[in-house]
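*Asks:* Please read through the structure below; I'll follow up with questions.
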Amino acid sequence: MSAIRLLVLGAVRQHGRAHGYQVRNDLEYWGAHEWSNAKPGSIYHALKQMAKQGLLVAHEIAPSTAGGPPRTEYEITEQGTEEFLSLLREALVSYDQKMDVVSAGIGFIVHLPREEAVALLKQRIEGIEAWRKSVTEYYTPEDGPEQLGHIGEIMHLWVHTADAGAEWTRGLIARIEGGAYSFEGEGEPFVGVLGEGEENPFASGETHAGDRD
């Protein structure tokens, strides 16, 4: 699974309608250009491809009276919303996703009902624990990595990563169950998007031909 589809669909959905530069600006504001493949070229390509796939609708906007080329604004479709929610649930449940996918999932977790978010995270822990059990059939963490020579350090890394991931997930579940954050159906959720014309302190400064879209 690629994080870019989830990130772009979610960013468009949060705005209602957004042009490519708004989507790019939001993702840079979240730092996604540092921890994922959400680079300018990938963002514009994803917007156009998902419009072709029926996940987004592209609206051609006439140029302003000040001149300049027209822009394309994108709006998520019902099919796109279904895809977004499917990718979001997969990102939260699957313990073996890459960090950028997990990060994207956490970034949009409040777009689910609170109870569903908790249930998905509990499934994530179950997956981590099942995977850890399969690894420890061949490797005993208590005996240390030396039992398998330096290759044991690989097993040690895997187990340590699984334990840390499970611990972090339990902490997140506890915070959510304790009432943290505003989830779907609980009023206006937190939306980390920039207003029109608001300066982005984290912008990369890189220009791209698609900025007019």
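*Asks:* Please go through (1) over 28 Å from L120 (Cα atoms); (2) crowded, with 16+ Cβ neighbours inside 10 Å; (3) not β-branched (V, I, T) for G41 and return the number of the only condition it doesn't satisfy.
*Replies:* (2)
*Asks:* Assuming A51 fulfils every condition listed in (1) under 24 Å from Q123 (Cβ atoms); (2) at pLDDT 90 or above apart from one, which condition is it?
*Replies:* Going through (1) under 24 Å from Q123 (Cβ atoms); (2) at pLDDT 90 or above one by one, A51 breaks only (1).
*Asks:* Of everything in segment 115-143 that's surrounded by 15 or more Cβ atoms within 10 Å (Cβ to Cβ) and of a type in the set (F, W, Y), which residue is modelled with the highest pLDDT?
*Replies:* The extreme case among them is W131.
*Asks:* When you go through R212, R170 one by one, which is the residue that is at pLDDT 90 or above, surrounded by fewer than 16 Cβ atoms within 10 Å (Cβ to Cβ) and either under 29 Å from A38 (Cα atoms) or touching a helix residue (DSSP H, G or I) at 6+ places or on another chain (Cβ under 8 Å) (or both)? Give the derivation first.
*Replies:* Values: R212 fails: at pLDDT 90 or above.
The unique qualifying residue is R170.
*Asks:* Shifting gears a bit: Give the residue, chosen from L112, L55, L47, L88, that is free of Cβ contacts under 8 Å to residues at least 60 places away in the same chain and buried (at least 19 other Cβ atoms within 10 Å of the Cβ).
*Replies:* Just a single option satisfies the conditions, and that option is L55.
*Asks:* Return the pairs, sorted by first residue and then second, in which the second residue is polar (S, T, N, Q) and part of a helix (DSSP H, G or I), the first residue lies in segment 23-36 and is on the phi < 0 side of the Ramachandran plot, the beta carbons are less than 8 Å apart, and the residues are 6+ apart or on different chains.
*Replies:* So the pair list comes out as D26/Q14; A32/S103; W35/S103; S36/S103.
*Asks:* Give A11, A18, A3 a once-over and let me know the one that is farther than 22 Å from V102 by Cα, in contact (Cβ under 8 Å) with a residue 24 or more places away in the chain and buried (at least 20 other Cβ atoms within 10 Å of the Cβ).
*Replies:* A18
*Asks:* Evaluate the following for L87: is it touching a helix residue (DSSP H, G or I) at 6+ places or on another chain (Cβ under 6 Å), under 18 Å from A180 (Cβ atoms) and modelled with pLDDT of 95 or more?
*Replies:* Working: touching a helix residue (DSSP H, G or I) at 6+ places or on another chain (Cβ under 6 Å): yes; under 18 Å from A180 (Cβ atoms): no; modelled with pLDDT of 95 or more: yes.
Answer is no for this residue.
The values are calculated or read from the model by the stated rules, or taken from the named source; none is laboratory data. The model shown is predicted, which means the values in this text are computed figures rather than measured ones. Ideal geometry is used to build each Cβ from the backbone, glycine not excepted, and the neighbour counts take in all protein chains shown.
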